[in-house]
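I have placed the structure first, in the form of structure tokens, so that the comments after it can refer back to it.
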Amino acid sequence: SSLAELIPPLAAKGPINTLEAQISALNIAVKDRIRVDELASLSSLVGVITSDAEAIQSIGVNASEVFPTIHSNIAFTNSLATEAFTKHLDQSKRVNTVEGGITIALRSAIATHEARKQTFNMAASIAESTMQSIEARLSTDLKTGNKIADIYNFIGHFSKTHLGNPSLPVMRMGLWSTYAYGPGRWYGYDGSYTNGYHPLFGGVTPQAWGDGSAVASSMSTDPIVLRALFNKFVYCSSSCSVRSDEWYFYTSTNSRHIGILIRIKNTKTTNIDWNFSFYFTSYVGWGEEASISLNGQYVWNSQANCATCLRDQTLSIPASKTSTIIFVVGSGPGSGTRTNHLSFINDSLKLPDGLEYVDDLDSL
């Protein structure tokens, strides 16, 4: 879960409020149920006892950890009271006079009422001691290290990062070269992988990246394969210089590439257009493209020789799902040195309403 989802219940101190409400309800049930006028109706007495037991028992169920003894005591006392009432009622039937019957029945009612009252007093005592224990424990926590304040500060820190604010850009980055000039081999070369070991390069061989005009949509959609290449994090503002690199080159095969993977969630039920502008390098003459894919599908590739080119692009982000956008940028033309550059300008990484950054590649 995102930390943002945890902030409201913590801020409201939900668990403590719930417990206080349960204890308050128990105390009200105890006080309100002990009434002298209940003795006037013998026929409703057992029903009142039963409903009281059920009321407190339901509270005990909701706070079973706080009131572990309420259930058994209520059930036991209720059964005794019911048994006593039934027994004395049977006795009253054997009495020939009305006065004798009423006397025995009233004695039964008083005994039953006293048993019920003792049970309620016990429950109230448990509630009172539990509340005192909670207050004492809370007071201790506040006095020793101000723990609750520390928690709020901790949450407040993350609310200022992409973990608590999905409007802040976060992306995965991969950086790679394709050819080892010294031994004269593609990276990952052996007898089985003469063009290089493709599982470490997004499912595409180094030879295809360096000489074969591979593009972002050529890559595997397997998250495990993608994680092997996009293994660095990039945190940006709404404009971002992702990479600006220059080096001396020895051959057309030793290209350098940058790739970024962005996960974007569309929270709406309709597609949303994301418009952005970016600088890139590419050299189509040596088979090194700049390209974009959306959910594994081809969107665009440069088909040009660009020492530094600027492009305006629009992507339609599908409704009600999280999409994967991949940019791959090759090296520019050579003139003693070569460059590899990718940057976003004009607040391009500020997403429109309804779109959010998600960093969930590790959980896919």
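What the table shows:
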{"read-out": "Selection status of Val95, β-branched (Val, Ile, Thr) and at pLDDT below 75", "value": "yes"}
{"read-out": "Flag if Arg137 is at pLDDT 90 or above, open to solvent by 50 Å² or more (accessible area, probe 1.4 Å), of a type in the set (D, E, K, R) and not in a strand (DSSP E or B)", "value": "no"}
{"read-out": "Members of the range 325-364 found to be in a strand (DSSP E or B) and of a type in the set (A, V, I, L, M), listed by number", "value": "Ile325, Ile326, Val328, Val329, Leu342, Ile345, Leu355, Val358"}
{"read-out": "Residues of the range 260-308 that turn out to be farther than 21 Å from Tyr357 by Cβ and β-branched (Val, Ile, Thr), as a count", "value": "3"}
{"read-out": "Count of the range 203-221 residues which are touching a Gly at 6+ places or on another chain (Cβ under 7 Å), within 20 Å of Val299 (Cα to Cα) and either of a type in the set (Ser, Thr, Tyr) or crowded, with 22+ Cβ neighbours inside 10 Å (or both)", "value": "5"}
{"read-out": "Verdict on Pro352 being in contact (Cβ under 8 Å) with a residue 60 or more places away in the chain and either touching a helix residue (DSSP H, G or I) at 6+ places or on another chain (Cβ under 9 Å) or open to solvent by less than 50 Å² (accessible area, probe 1.4 Å) (or both)", "value": "yes"}
{"read-out": "Hits in the range 166-186 - residues which are modelled with pLDDT of 90 or more and either more than 30 Å from Asn254 (Cα to Cα) or open to solvent by 80 Å² or more (accessible area, probe 1.4 Å) (or both)", "value": "Pro166, Ser167, Leu168, Pro169"}
{"read-out": "Residue count, the range 257-285 (criterion: of a type outside the set (Val, Ile, Thr), out of contact with any His (no Cβ under 8 Å at 6 or more places or on another chain), at pLDDT 95 or above and open to solvent by 10 Å² or more (accessible area, probe 1.4 Å))", "value": "8"}
{"read-out": "Residue satisfying all of: in the range 326-344; out of contact with any helix residue (DSSP H, G or I) (no Cβ under 9 Å at 6 or more places or on another chain) and under 23 Å from Glu356 (Cα atoms); surrounded by the fewest Cβ atoms within 10 Å (Cβ to Cβ) among these", "value": "Ser343"}
{"read-out": "Qualifying positions in the range 286-322 - open to solvent by 10 Å² or more (accessible area, probe 1.4 Å), of a type in the set (D, E, K, R) and touching a Gly at 6+ places or on another chain (Cβ under 9 Å)", "value": "Glu289"}
{"read-out": "Residue match in the range 301-324 (condition: basic (Lys, Arg), farther than 21 Å from Asp211 by Cβ and either touching a strand residue (DSSP E or B) at 6+ places or on another chain (Cβ under 8 Å) or in a strand (DSSP E or B) (or both))", "value": "yes"}
{"read-out": "Residues that are more than 21 Å from Ser177 (Cβ to Cβ) and surrounded by 15 or more Cβ atoms within 10 Å (Cβ to Cβ), drawn from the range 222-235", "value": "Pro223"}
{"read-out": "Looking only at the range 188-199, and only at residues there that are at pLDDT 90 or above and in a loop (DSSP other than H, G, I, E, B), the one that is nearest to the chain's Cα centre (by Cα)", "value": "Tyr197"}
{"read-out": "Where Thr308 falls short, out of the listed (1) modelled with pLDDT of 95 or more; (2) in contact with a Phe, Trp or Tyr (Cβ under 6 Å, 6 or more places away or on another chain)", "value": "(1)"}
{"read-out": "Pairs where the first residue, in the range 229-241, is over 24 Å from Asp362 (Cβ atoms) and the second is surrounded by 15 or more Cβ atoms within 10 Å (Cβ to Cβ) and small (Gly, Ala, Ser), C-beta under 8 Å, 6+ apart", "value": "Ser238/Ser348; Ser239/Ser343; Ser239/Ser348; Ser241/Ser343"}
{"read-out": "Number of the exception - Tyr250 against (1) surrounded by 14 or more Cβ atoms within 10 Å (Cβ to Cβ); (2) more than 32 Å from the chain's Cα centre (by Cα); (3) not in a strand (DSSP E or B)", "value": "(1)"}
{"read-out": "Qualifying residue in the range 148-162 (condition: under 18 Å from Leu361 (Cα atoms) and at pLDDT below 90)", "value": "yes"}
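The values are calculated or read from the model by the stated rules, or taken from the named source; none is laboratory data. The model shown is predicted, which means the values in this text are computed figures rather than measured ones. Using ideal geometry, Cβ is built from the backbone for each residue, glycine included, and neighbour counts are taken over all protein chains shown. Heads up: the accessible areas ignore ligands, DNA and RNA and are worked out on the full protein's heavy atoms, side chains in. Shrake-Rupley method; radii C 1.70, N 1.55, O 1.52, S 1.80 Å.
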